[in-house]
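Participant: Here it is, the structure, as structure tokens.
The values are calculated or read from the model by the stated rules, or taken from the named source; none is laboratory data. On a predicted model such as this, the values are computed, not experimentally measured, just so you know. Cβ atoms come from the backbone with ideal geometry, glycine included; neighbour counts cover every protein chain shown. To get the accessible areas, we keep the full protein, side chains included, count just its heavy atoms, and leave off ligands, DNA and RNA. Shrake-Rupley method; radii C 1.70, N 1.55, O 1.52, S 1.80 Å.
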Amino acid sequence: MEFLGKSTKVEDTDSEISLYRALAIGDLPLAYIISKDIKTTKPAVSFNQGLCLYLLGEYERALVELKRSEQGYSNCAEYDIADRRLFMKAIEVVGDSVKFLPLDSEAPKRCGRYALIRTRWLTALCLIKLGRESEAMPIIRFLSQYNIKEI
């Protein structure tokens with residue numbers, strides 16, 4: 001039996017949404033406080049935790065979360081040619097500013113490929129900040145398929 005207000009599932013979901021919102025508005029101190037206690041298997045939330053850690057300069061810790069995120073998105077379907085062309089156009093329009101935006105854990109499954117691309121992009125940035133360019137090179141080649149050159 002569960003008592004009213006004692007559901008950890010609801011609390012976790014609220015924290016995940018709060019983390020997304022804090023990152024979306026740029027409230028990094030709040031995002032850090034929220035992210036510390038979230039235990040999740042949702043890849044978007046792991047990405048957001050990794051993003052928070054990256055922005056704080058904790059690149060090694062960010063890589064751990066990003067690895068979890070990448071595993072969750074690893075089976076996402078590739079875009080068909082028309083979608084890929086328009087996706088690359090969208091990336092060109094927004095530029096690299098999108099790389100520091102959080103991912104929405106409530107996004108539909110069809111957004112999985114985009115989330116994988118964003119996860120790998122942030123992973124490459126972490127590796128470069130750590131001076132591990134050789135590890136970042138395969139990811140950079142992957143990103144170049146989508147005209148992402150600003151790393």
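Participant: Which one of THR40, PRO108, PHE87 has its Cα pushed farthest toward the positive end of the charge dipole of the chain, where Lys and Arg give +1 and Asp and Glu give -1 at the Cβ?
Facilitator: Checked the options; the winner is PHE87.
Participant: What nm value, rounded to one decimal, do you get for the distance between LEU130 and LEU56 when each label is placed 7 Å out toward the C-beta?
Facilitator: 1.7 nm
Participant: Express in Å², to the nearest 10, the accessible area of GLU70 obtained by rolling a 1.4 Å probe over the protein heavy atoms while all chains stay in place.
Facilitator: Roll a 1.4 Å probe over it and GLU70 shows about 50 Å².
Participant: Within 10 Å, Cβ to Cβ, of ALA136, how many net charges do the neighbouring residues add up to if Lys/Arg are +1 and Asp/Glu are -1? Please report the intermediate quantities before stating the final value.
Facilitator: On the way: positive: ARG120, LYS129, ARG132, ARG141; negative: GLU133, GLU135.
In short, +2.
Participant: Using a simple spin-label model with points 7 Å from Cα along the Cα→Cβ vector, what separation in nm is obtained for SER74 and ASP96?
Facilitator: In this crude label model, SER74 to ASP96 measures out at 2.8 nm.
Participant: Just grab the label-to-label distance for THR41 and LEU86, each label 7 Å out from Cα along the Cβ direction, in nm (one decimal).
Facilitator: Those two pseudo-labels are separated by 3.4 nm.
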